[in-house]
Amino acid sequence: MNRENTEGIRLQKVLAQAGVGSRRACEDLIDEGRVSINGEVVREQGVRVIVKDVEIRVDGVLIAEEADLVVLALNKPRGVLTTMQDELGRECVGDFVQDRPERLFHVGRLDADTEGLLFLTNDGQLANHLTHPTFGVTKTYFAVIPGPVPGDLGKRLKAGIALEDGLARFDSFRVVDANKSDALVEVVLHEGRHRIVRRVFEELDMPVKNLIRTAVGPITLGDMKPGHLRRLSHTELRSLRSAAGM
């Protein structure tokens, strides 16, 4: 291995793009001697590689090359944890992909009581773009809240609701259906703070009774049933990457 190579991509960037971790975390892995190239442990920073010409492993596990990148859409059922494994044996999203050969991770999270669209991937760069607020990828939710809905609620949500960790604004709001006791509403926002939709409505004394994420950017849940998993098409991937500024 030629450490003076000026071609290729820095090893820590390759690892980050493959979903191993953040750039800094990947640098730590290299320092700890947990990364190998063609069977040779690498401990120095700045090594460049041409991915198609080498075999890169972390803790002995082969990382994905670009051609092997996978993005799966899951309709996460209510009650399922957004983790890849659970020490207490509770059902989690990792259970749905435990037989797949790729090393996958979830993009963002949905709380246990929320169902809907969640991505599982080994594409670290895409995951970063989808979750980082800089890129403004929208998330769409259907929520059931107590009725009747105040006439100025949409205006207030767009102006911003003060929470303990800052102002939360919705990009759009509409009432889909309503009766005297409940209302089904659609909200769109581009941030992903923990339980943000529930927390906003709780602040307004309108606790969410049911919450489903129906879309992330241009990708919609469609008619996927809870627990169903599918691989995104090339067309869907192109549109998702475009929405994420890639």
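Rule-based calculations on the coordinates, nothing more; no lab input. In this text the structure is predicted, and so the values were computed from the model without any measurement. Every residue, glycine as well, gets a Cβ built from its backbone with ideal geometry; the counts of neighbours run over all protein chains shown.
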Rounded to one decimal in Å, the inverse mean reciprocal Cα-Cα distance for the chain, i.e. its Kirkwood radius, is 19.9 Å
Please figure out what share of the DSSP beta bridges in the chain is antiparallel and state it in percent, rounded to the nearest 5. 95 percent
Long-range amide H partners of Asp182 with built H, under 5 Å: Gly147
Between region 153-173 and region 49-103, the alpha-carbon center distance in angstrom: 34 Å
Cα-based Rg (one decimal) and Dmax (whole number) for region 9-64, in Å? 9.5, 24
Compute the semi-axes of the equivalent ellipsoid of region 69-167, taking the square root of 5 times each eigenvalue of the Cα gyration tensor, and list them largest first in whole Å. 30, 18, 12
Please state the relative contact order of region 42-186 as a whole percent: Cα pairs under 8 Å, 6+ residues apart? 17 percent
Sequence-distant or interchain residues sharing an amide H contact under 5 Å with Val47, placed H: which? Leu11
Give me D for region 125-175 in µm² s⁻¹, whole number, from Stokes-Einstein with Rh from the Kirkwood sum over alpha-carbon pairs, 37 °C and 0.692 mPa s. 252 µm²/s
Using the structure shown, select from Lys139/Lys180; Lys180/Lys209; Lys180/Lys225; Lys139/Lys209; Lys76/Lys158; Lys76/Lys209 the pairs with a Cα to Cα distance greater than 22 angstrom. Lys139/Lys180; Lys180/Lys225; Lys76/Lys158
Run the numbers on the chain and let me know its relative contact order in percent, using alpha-carbon pairs under 8 Å that are six or more apart. 19 percent
For His228, which sequence-distant residues (separation of 5 or more, or a different chain) have an amide H within less than 5 Å of its own amide H, given hydrogens modelled in the peptide plane? Asn75
Run the numbers on region 9-64 and let me know its relative contact order in percent, using alpha-carbon pairs under 8 Å that are six or more apart. 36 percent
Could you line up Leu204, Leu118 from fewest to most neighbouring Cβ atoms inside 10 Å? Leu204, Leu118
Per residue, what volume in Å³ does the Cα convex hull of region 138-216 take up? 79 Å³
